[in-house]
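Engineer: The structure is given below, and queries will be raised subsequently.
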Amino acid sequence: MKNYYRIMLGQKSVYSKEAHDGNYIGAGWLPDIDFAGKFPDNWREFNKKFIPLYLEKNPDKKKVSAGLACGMLYTICKGILVGDIVMCPDGSGNYYIGEVTGEYEFAKGGTLPHRRAVRWFSRGISREEMSEALRNSTGSIGTVSNISKYADEIEGFISGARPASIFSTDETIEDPSIFALEKHLEDFLVQNWHHTELGKHYDIYEEDGEKVGQQYPSDTGPIDILAISKDKKELLVVELKKGRVSDVVVGQVQRYMGYVLEELAEDNQKVRGAIIAFEDDVKIHRALAVAPNIDFYTYKISFKLDKR
């Protein structure tokens, strides 16, 4: 199935025009290594091999930063498949859209040397044309983010047609109506983080002043939100229920927490989890009764009309 990604080409899109003119996307981490033939099928094996090297070459960085860099490098060079669609901001409020057409290539000494060939479409997208949800999702995440949940809207831009209705065929979705409601909750939560209860004690993980904790990559899938306590002593894994079966969500957050504990946490850091859902759920309460390091939150939506 085709996937859709937002790719930042250099900090603040500084290399976007060069990459567009050269018909490629790319990454600049570990720029002296040619990774041709070195990408295992297992994402975790790549991280195990190259995170120590990244930390050796960047001694000022933490494990979370190293995991992010290596994870995004793997995604750009191996995880994104030929035929997938990429959107790249140009730094001026517009986005280039293209289709990935080639496998990994190493451009020694070049800008963003780890590259994939791209066929750019003639029509770009301005932020003003996007839905608010898509604007949020493409505007404040790290170097790479999967935006496949907006496939219909993006395809509408590519074809010039209005996007079709969004629906899900995920067999773990037990309540399609709640899934539709919560589809964009993650972006809203990120945008309003400091106004939430979690925002009082945690910050979404940042790297060089940019939020990189949304859709943080792990070897079992992307973490909805990775946050860190204000005293830096605790990492928080936040997972949104999104209408899914309760056991699926509990198991997922525990797997993510295990990954963060084993791969990202520093020696003095603890790991905590949080599940957010639209309504109370007795099954989640039962499961978390024996998991005291995971909290459960519900949220409310308020809608009001004022006559003028």
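The values are calculated or read from the model by the stated rules, or taken from the named source; none is laboratory data. Remember, it's a predicted structure, so these values are computed and weren't measured experimentally. Glycine gets a Cβ as well: all are built from the backbone with ideal geometry, and neighbour counts include every protein chain shown.
Engineer: Show me the helices (runs of 4 or more DSSP H) entirely contained within the stretch 1-85 in which 1 or more residues are in contact with a His (Cβ under 9 Å, 6 or more places away or on another chain) and under 14 Å from Pro217 (Cα atoms). It would help to see each step written out before you state the result.
Structural biologist: Numbers: elements: 16-22, 43-57, 63-74.
Per the criteria, 63-74.
Engineer: If a residue counts only when it is at pLDDT 90 or above, which strands (runs of 3 or more DSSP E) contained entirely in the stretch 91-146 have at least 3 such residues?
Structural biologist: In the stretch 91-146, the matching strands (runs of 3 or more DSSP E) lie at 94-100, 114-120.
Engineer: Within the set of pairs 6 or more residues apart or between chains, which connect a residue that is on the phi > 0 side of the Ramachandran plot inside the stretch 293-308 to a residue that is at pLDDT below 80 with Cβ atoms less than 8 Å apart?
Structural biologist: Every condition considered, no pair remains.
Engineer: Could I ask something else about it? Condition first: of a type in the set (A, V, I, L, M, F, W, C) and surrounded by fewer than 16 Cβ atoms within 10 Å (Cβ to Cβ). Can you find one or more residues in the stretch 76-84 that meet it? Explain how you work it out, then say what you get.
Structural biologist: Restricting attention to the stretch 76-84, the residues satisfying the condition of being of a type in the set (A, V, I, L, M, F, W, C) are 76-77, 80-82.
Subsequent filtering for residues that are surrounded by fewer than 16 Cβ atoms within 10 Å (Cβ to Cβ) retains 81-82.
Within the stretch 76-84 (the criterion being of a type in the set (A, V, I, L, M, F, W, C) and surrounded by fewer than 16 Cβ atoms within 10 Å (Cβ to Cβ)), the answer is yes, since at least one residue qualifies.
Engineer: Mind checking which residues of the stretch 219-256 are modelled with pLDDT of 95 or more, hydrophobic (A, V, I, L, M, F, W, C) and in contact with a Leu (Cβ under 9 Å, 6 or more places away or on another chain)?
Structural biologist: Correct list: Leu226, Ala227, Ile228, Leu235, Leu236, Val237, Val238.
Engineer: Since Glu18 meets every condition but one in (1) in contact with a strand residue (DSSP E or B) (Cβ under 8 Å, 6 or more places away or on another chain); (2) surrounded by fewer than 18 Cβ atoms within 10 Å (Cβ to Cβ); (3) at pLDDT 95 or above, which condition does it not meet?
Structural biologist: Among (1) in contact with a strand residue (DSSP E or B) (Cβ under 8 Å, 6 or more places away or on another chain); (2) surrounded by fewer than 18 Cβ atoms within 10 Å (Cβ to Cβ); (3) at pLDDT 95 or above, Glu18 violates only (1).
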